[in-house]
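Below is one structure, written out as structure tokens; the observations come after it.
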Amino acid sequence: MDLWFEWLSKENFGGSAHVVRYADDAVFTFKSLADAERFKIILSERLDKFGIAINESKTKTLICGQTEATKCERLGEKMPSFTFLGFMHVWGISANRKTGKKFWRIKLHTCPKRFKKKLAEIQEWISKNYHRKDLLIRVKRIVTGYLNYFAINDNSKRVGQFVHEVRRMLFKYLNRRSQKKSLNWRKFVEVLKKINFPDTRVRKHLFFDLRPPENKTGVCR
């Protein structure tokens, strides 16, 4: 598909179409919404030759771009969002640190469903294993892996909520080890510091090129 799309972009869209893909999950961008809708038809026909069909329930064609975001703001409407690789992509306003000038750009937040699902999985595991001596180390590894993926700029609030919820779970179940509550929150925090339990700092800073044309951009996923 990558080779075909590269050829297609040059032959049919003047080289202005782009794709970001991981396995069979992909986002395609175009200069206009009309181009995105035309591509969706072309893609369906292409996949049909291989006996493959687009999952319509997971495929969207959306408006995108700073011009469209400004227009939606003026009309009191919200720009459409979409999820990709566990992140919800939403349009938000940022400001240039040097000039203070505000502009619209895509921001990435943890997908709410992924957020709830991961917390539920961790709670289930802790509830079944809270007597283990290596409980804190095992949970530390899980949280570290999660943060290595999701702790990016724009997602600090969600990451902070995640770490806080996991700490609350640990505190709750550690105090179930004995009938008498023996661990207060201050002591608990000290224990976490001793094992270098992960903090909520940003692991990766993502930057976006905001210089492309201000035309409508269709996103077909």
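Computed about the Cα centre, the dipole magnitude for the stretch 41-80 is approximately 60 debye when only Lys and Arg (+1) and Asp and Glu (-1) carry charge, each at its Cβ.
Could you run the Debye sum over the Cα atoms of the stretch 1-130, one equal point scatterer each and no solvent, and tell me log10 of I(q)/I(0) at q = 0.11, 0.13, 0.14, 0.17 Å⁻¹, two decimals? At q = 0.11, 0.13, 0.14, 0.17 Å⁻¹ the computed log10 ratios are -0.56, -0.74, -0.82, -1.05. Diffusion of the chain by Stokes-Einstein, at 37 °C in a medium of 0.692 mPa s and with Rh set to the Kirkwood radius over alpha-carbon pairs, works out to 159 µm²/s.
Extension gain for LYS49-SER182 works out to 41.3 nm (0.36 nm per residue, less the C-alpha to C-alpha distance).
Note on the stretch 13-81 and the stretch 109-146: Cα centroid distance 35 Å, given to the nearest whole angstrom.
Here the dipole of the chain is about 1980 debye; that uses its Cα centre as origin and unit charges on the Cβ of Lys and Arg (positive) and Asp and Glu (negative). The average projected area of the stretch 80-130, computed from the convex hull of its Cα atoms over all directions, is 5.3 nm². For the chain, the solvent-accessible area with a 1.4 angstrom probe is 65 square angstrom per residue.
Take 66-76, 167-177 and order them by the average number of nearby Cβ atoms within 10 Å per residue, most first; the result is 167-177, 66-76.
Along the stretch 77-87 the Karplus relation, 6.51 cos²θ - 1.76 cosθ + 1.60 evaluated at θ = phi - 60°, assigns HN-Hα couplings of 10, 9, 6, x, 10, 8, 9, 7, 6, x, 10 Hz to successive residues, with x for each Gly and Pro.
What percent do you get for the relative contact order of the stretch 1-126 when only Cα pairs under 8 Å and 6+ apart count? For the stretch 1-126, the relative contact order is 13 percent. Here the extension length gained between ARG141 and LEU206 equals 21.0 nm, from 0.36 nm per residue of separation less the Cα-Cα distance. Toward the positive end of the charge dipole of the stretch 128-209, with +1 on the Cβ of Lys and Arg and -1 on the Cβ of Asp and Glu, the farthest Cα among SER182, LEU136, ASN148 is that of SER182.
For the chain, the share of accessible area belonging to carbon and sulfur comes to 52 percent (1.4 Å probe, ligands and nucleic acids excluded).
The values are calculated or read from the model by the stated rules, or taken from the named source; none is laboratory data. Note that the coordinates shown come from a computational prediction; the quantities given were computed from them, not determined experimentally. Reconstructed Cβ throughout: ideal geometry from the backbone, glycine too, with neighbour counts over all protein chains shown. Areas reflect the complete protein model, heavy atoms only, side chains present, ligands, DNA and RNA absent. Shrake-Rupley method; radii C 1.70, N 1.55, O 1.52, S 1.80 Å.
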